[in-house]
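Bear in mind that the values in this text are calculations on the coordinates, not laboratory data. In this text, all values refer to a predicted model and were calculated from it rather than measured experimentally. Cβ placement follows ideal geometry from the backbone for every residue including glycine, while neighbour counts extend to all protein chains displayed.
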């Protein structure tokens, strides 16, 4: 069943029907070709709405809520990679359940960008994340942001983990997550590795014996942590 994300509140105050937004009409009628009386799922604010298409309206059939009990926020802290890799990382991180994707300028990042440069690409990243949200049928679109240094990250009730190629004793899959933890941040370094002191205060973990590309490390780490949610 097709899923579509809508970024404005829907079905509020007892409303059970509303007109199909203009931006979705073309996609529904001409791209995926969904007919009258067929069912679709709308995604909004951690909730899914099972609907039936009746003429030009969505008719509400069922509300499906996301159970967030004992669930931690999963944040990917990704050093800026080169070329088009950020788009790939956004897509895969969304599919794998990241709630937040934070790009940061590591000291050894090959690509150098500032906040202004990131903002110019942010809407493109959000579009990719939205499409991946619909494809993977998750409940929300992850937030996507940029920081210039790791000191800007939230720290309260947070477990800070880093994928470190030099770690030999603690595998990421073996990390035990206390019930009191509200957020896990997984830090992925650049192609050139971390600078001395850059990961001070982070718990080093291993993703295995092989040396991974930065985009591969992100996928591996999120796949492991996603199982623990």
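Please find the FRET efficiency linking residue 31 to residue 210, where r is the Cβ-Cβ separation and R0 is fixed at 45 Å, and quote it to the nearest 0.05.
Working: r = 40 Å, r/R0 = 0.89.
So the FRET efficiency works out to roughly 0.65.
Computed from Cα positions, the angle between helix 115-136 and the longest principal axis of the chain comes to roughly 60 degrees.
Calculated FRET efficiency, residue 63 to residue 195, Cβ-Cβ distance, R0 = 45 Å: about 0.40 to the nearest 0.05.
Let's test the formula: R0 of 25 Å, r as the Cβ-Cβ distance of residue 15 and residue 71. What FRET efficiency results, to the nearest 0.05? Let's see the in-between values first.
Numbers: r = 29 Å, r/R0 = 1.14.
That pair, residue 15 with residue 71, gives E of 0.30.
From the C-alpha coordinates alone, can you work out the Kirkwood hydrodynamic radius of the stretch 73-227, in Å?
15.6 Å
Counting pairwise Cα distances across the stretch 3-65, what percent come out greater than 13 angstrom?
Details: 1168 of 1953 pairs.
Every Cα pair in the stretch 3-65 considered, those over 13 Å come to 60 percent.
Stretching the chain fully between residue 203 and residue 127 yields a gain of 24.1 nm (0.36 nm per residue, less the alpha carbon separation). Taking 7 Å steps out from each Cα toward its Cβ at residue 176 and residue 154 produces label points 2.6 nm apart. Here the residues 116, 229, ranked from fewest to most Cβ neighbours within 10 Å of their Cβ, fall in the order 116, 229.
List the relative contact order of the chain as a percent without decimals, with contacts defined as Cα pairs under 8 Å and 6+ residues apart.
On the way: 408 pairs, mean separation 48.8, N = 229.
Value for the chain: 21 percent.
Rounded to the nearest 10 degrees, the angle from helix 214-227 to the longest Cα principal axis of the chain is 70 degrees. Over all Cα atoms in the stretch 141-229, the spread is summed up by Rg and Dmax: 12.9, 35 Å.
Springs between alpha-carbon atoms under 10 Å, Gaussian network over the chain: tell me which of 48, 160, 25 tops the mean-square fluctuations. Judging by the Gaussian network model, the answer is 25.
Highest GNM mean-square fluctuation among 209, 182, 85, for the chain modelled with Cα contacts below 10 Å: 209.
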